[in-house]
Amino acid sequence: MSLHPLFVFGALTLFLLATQVNHVSCGSCRESKLCCPGRDSSCVVQKAPINAIIEDLSDKPCYCDHACLKLGDCCPDFKDACGVVDCAVSAWGPWSECDVECGTGMMTRSRTVEKQPENGGKHCPSLIQKRGCQGTQCPHNPRSAIKETAMLLPVTLSSSRRVNETNDIRRNLRLRYPKDPAQDKEYCVEFEVLKASKACRKEPNFSSLREGERVCVRCETQALRKNLGYRCAGHGVEDRATRWTALSAPHCHGKWIRLDAGSSVHDASCPTCKKGPDYIFV
């Protein structure tokens, strides 16, 4: 059976076209040698020639102009083929300290540019971040002590604080950091008892807490509060009544008034009180 020459020629043409289409690169700016500045709708790449007889429905055009970066229709190799470099930045650094010691302030952190953008690449993002913070190192108002309640223990228990000094982490930290402001700030305070509950009379360790009596209380290093300006909680305010309570006997409580606050001492004699301390702050 012989084939018509025209039919043979047509079949061969279709075969060659199909073969040509299969070997054309899909959306390649490099092979198309296209890199267009700005926006250029003619800077387009398709898998098959525009006048091809066979149309591939899956063939969608892609672009090699710089506007494709914003429109999102670039060919896959556009950035690499056209030398487009996006900005690259480092990871965020640590947050800074609050810029104020007291009150509302600001903390910042930064990062650096590791690679500058080129040929229309993505611009660099913000290199500094800020966030609010609250400074806690505020000067303490001594008058706030009027709202505090002194917690007391008998002075005989003072020695128990030093029994296991090597196991006391607070003591160890002070030995390791001798410049701690808490060092050498022990002091004594003398009070006159204005009111005491009847339960105090039944407690031998607190029987001296009676109306009209004067008692001496020592503020030891272990009881100093940094947030109170390195003083003991409840040490009172001169000329104003404040509250006290016995820690080991909560039913024993009352009011007193501070008479005198002594200076720092370095021994157990507590020279601001003639007979020595009766109680210690907790």
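Using the C-alpha gyration tensor of the stretch 68-137, what are the square roots of 5 times its eigenvalues, in whole angstrom, with the largest one first?
Numbers: eigenvalues 315, 25, 10 Å².
One finds semi-axes of 40, 11, 7 Å for the stretch 68-137.
Rounded to the nearest 0.05, what FRET efficiency do residue 102 and residue 158 give with R0 = 30 Å and r taken as the Cβ-Cβ distance? Could you check? Walk me through the numbers before you get to the answer.
Working: r = 34 Å, r/R0 = 1.14.
After rounding to 0.05, the efficiency reads 0.30.
Go through 80-90, 245-255 and give me the packing order, highest mean Cβ count within 10 Å leading. Please list the in-between numbers first.
Values: 80-90: 14.8, 245-255: 17.5.
Ranking, from highest mean packing down: 245-255, 80-90.
Determine the gain in length on full extension of the stretch residue 275-residue 199; use 0.36 nm per residue of separation and subtract their C-alpha separation, reporting nm with one decimal.
Working: separation 76, 0.36 × 76 = 27.36 nm, distance 2.50 nm.
Taking residue 275 through residue 199 to full extension adds about 24.9 nm, to one decimal.
If you plug each phi of the stretch 196-208 into the Karplus form 6.51 cos²θ - 1.76 cosθ + 1.60 with θ = phi - 60°, what whole-Hz ³J(HN,Hα) values come out, in order, with x for Gly and Pro?
Values, residue by residue: 9, 5, 5, 5, 5, 5, 8, 9, x, 6, 10, 5, 6 Hz.
Spelling out what I want: for every residue of the stretch 223-228, take phi, set θ = phi - 60°, compute 6.51 cos²θ - 1.76 cosθ + 1.60 (Karplus), and round to whole Hz; glycine and proline get x.
9, 5, 10, 4, 5, 9
Just so you know, all these numbers are worked out from the coordinates, no wet-lab data involved. Predicted, not measured: the structure shown is a model, and the values here were computed from it. FYI the Cβ positions are ideal-geometry reconstructions off the backbone, even for glycines, and counts take in every protein chain you see.
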